[in-house]
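First the structure, in the form of C-alpha cells, and then the observations on it.
The values are calculated or read from the model by the stated rules, or taken from the named source; none is laboratory data. Not measured: the values here are computed from a predicted model. Heads up, the Cβs are rebuilt from the backbone with ideal geometry, glycines too, and the neighbour counts pull from every protein chain shown. Heads up: the accessible areas ignore ligands, DNA and RNA and are worked out on the full protein's heavy atoms, side chains in. Shrake-Rupley method; radii C 1.70, N 1.55, O 1.52, S 1.80 Å.
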Amino acid sequence: MEPASRSVKPLQGALLLALSALLFAFTGVGIREISASVNNESVVFFRNLVGVLFFLPLLLVRGVRPLRTTRLKSHLWRTTYGLAAMYCFFYAIAHLPLADAMLFTYSAPVFTPLIAHIWLKEPLTRRMLVSSLIGLCGVLLVAKPSAALFEGPALFGLAASLLAAFAFVSIREMSDSEPATRIVFYFSLFSALFSAIPLTWSWQPLDSTQLSWLLGIGLLATASQVIMSRAYGLAPPGLIGPVAYLAIVFAGIIAWLLWGETPDTLSLLGAALIFAASLLSVARRRA
C-alpha cells in the first residue's frame with residue numbers, strides 16, 4: 001500500500017468532516033429521543049440495516065460492479081473496529097452520565113495521529129498533537145465530566161474512543177482503492193449481519209412511530225458516514241481529525257434550540273477552543 005497514492009486535500013477534507021459532524025449531531029438528537037422506548041440492540045441493528053437499504057437504488061441502477069472489492073479483509077477489520085466502538089459507546093451511555101460518554105466519543109481524534117503514524121506512516125507533527133489536545137480541552141469544558149469518569153464503566157468509553165480511532169485510520173488505509181460509498185456499504189452490511197445476533201434475545205415489537213425514528217436515524221448516520229469516509233480519504237485523520245470536535249458544538253446548539261439547554265460560560269469557552277483546534281488543524285504552515 002503506497003501512502004503517496006492517497007489524496008492530501010486538508011481544506012476539502014475538513015469541510016466534509018464538518019458536514020459529517022453536523023449530521024452526526026442530528027443523529028444524536030434522534031437517538032436521544034428514541035432511546036427512552038427502544039433498546040440499544042434494536043437501535044444499533046436498525047441503524048445498520050437502514051445503511052444497507054440506503055444503497056439499494058445504487059444496486060438497482062448500476063448493479064454490483066461499483067461495490068465489488070478485492071479487500072474484503074480490510075472491510076471486515078473496519079467493521080470490527082466500528083461495530084465494537086458502537087457497542088462500547090452505547091454501553092457507556094447506559095452506565096455513565098451522558099456528558100462523560102460523549103466526551104469519550106469525541107476524544108477519538110486525540111488518538112488518530114499516533115495510530116495513523118504507526119499504521120500508515122503518516123506524518124506526525126507538533127501542530128497535529130497541539131490541535132488535538134486543544135480540542136480535547138474544549139470538549140472537557142463543554143462536557144464537564146463528573147467523578148464517574150474514573151469508575152469501571154469508563155473503560156468501555158475509553159475502548160469506544162480507541163476503537164473509533166482505529167476505524168478512522170482503517171478508512172484512510174483503504175482510501176487509495178476503495179471509494180467512500182463502498183467502505184460504508186460493507187460496514188453497514190457486515191454490521192447489520194453481526195448486530196442481528198443480539199436481537200435473538202433482545203427483540204422488542206416496534207410501532208410505526210418508532211420505526212420512523214429509526215429510519216431517520218439510519219439515514220442520517222449513513223449519510224454522515226459516507227461523507228466522513230470521503231473526508232478521511234482526502235486528508236490524513238491526524239490532520240483533520242479535530243474538526244470532528246465540531247459535532248459537540250452542533251449538538252449544543254441543537255439542544256439549546258430544541259430543549260432550551262443554555263450553555264454556560266465554560267461551555268462557550270470550550271466551544272471556542274474546539275473551533276480553534278479545528279482551524280489550527282488545517283491551517284497552512286508558513287514557508
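Restricting to the stretch 192-219, count the residues that are of a type in the set (Gly, Ala, Ser), under 19 Å from the mean Cα position of the chain (by Cα) and within 14 Å of residue 40 (Cβ to Cβ). Let's see the steps before the verdict.
Restricting attention to the stretch 192-219, the residues satisfying the condition of being of a type in the set (Gly, Ala, Ser) are 192, 195-196, 202, 208, 212, 216, 218.
Retained after the next criterion (residues that are under 19 Å from the mean Cα position of the chain (by Cα)): 192, 195, 216, 218.
Add one more test, that the residue is within 14 Å of residue 40 (Cβ to Cβ), and what stays is 195.
Of the residues in that region, 1 qualify.
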What's the number of the only condition in (1) open to solvent by 20 Å² or more (accessible area, probe 1.4 Å); (2) closer than 17 Å to residue 184 by Cβ that residue 9 fails to meet? (2)
All conditions in (1) among the hydrophobic types (A, V, I, L, M, F, W, C); (2) modelled with pLDDT of 85 or more; (3) more than 21 Å from residue 168 (Cβ to Cβ); (4) part of a helix (DSSP H, G or I) are true of residue 83 except (3)
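Of all residues in the stretch 121-142, count the ones that are open to solvent by 10 Å² or more (accessible area, probe 1.4 Å), assigned to a helix (DSSP H, G or I) and in contact with a helix residue (DSSP H, G or I) (Cβ under 8 Å, 6 or more places away or on another chain). It would help to see each step written out before you state the result.
Going residue by residue through the stretch 121-142, those that are open to solvent by 10 Å² or more (accessible area, probe 1.4 Å) are 121-130, 133-134, 136-137, 140-142.
Next cut, assigned to a helix (DSSP H, G or I) only: 126-130, 133-134, 136-137, 140-142.
Narrowing further to those that are in contact with a helix residue (DSSP H, G or I) (Cβ under 8 Å, 6 or more places away or on another chain): 127-130, 133-134, 136-137, 140-142.
Residues meeting the conditions: 11.
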Long-range neighbours under 7 Å by Cβ, at least six apart or interchain, first residue farther than 12 Å from residue 169 by Cα within the stretch 224-240, second open to solvent by 10 Å² or more (accessible area, probe 1.4 Å) and among the basic types (Lys, Arg): 234/9
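With the requirement that a residue be charged (D, E, K, R), open to solvent by 80 Å² or more (accessible area, probe 1.4 Å), over 21 Å from residue 168 (Cα atoms) and in a helix (DSSP H, G or I), what does the stretch 34-78 give you?
To start, the set of residues in the stretch 34-78 that are charged (D, E, K, R) comprises 41, 47, 62, 65, 68, 71, 73, 78.
Filter once more, keeping what is open to solvent by 80 Å² or more (accessible area, probe 1.4 Å): 62, 65, 68, 73.
In the following step, the residues that additionally are over 21 Å from residue 168 (Cα atoms) were identified as 62, 65, 68.
Those that are charged (D, E, K, R), open to solvent by 80 Å² or more (accessible area, probe 1.4 Å), over 21 Å from residue 168 (Cα atoms) and in a helix (DSSP H, G or I): 62, 65.
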Taking the stretch 260-275 as the region of interest, how many residues are within 24 Å of the chain's Cα centre (by Cα) and at pLDDT 75 or above? 9
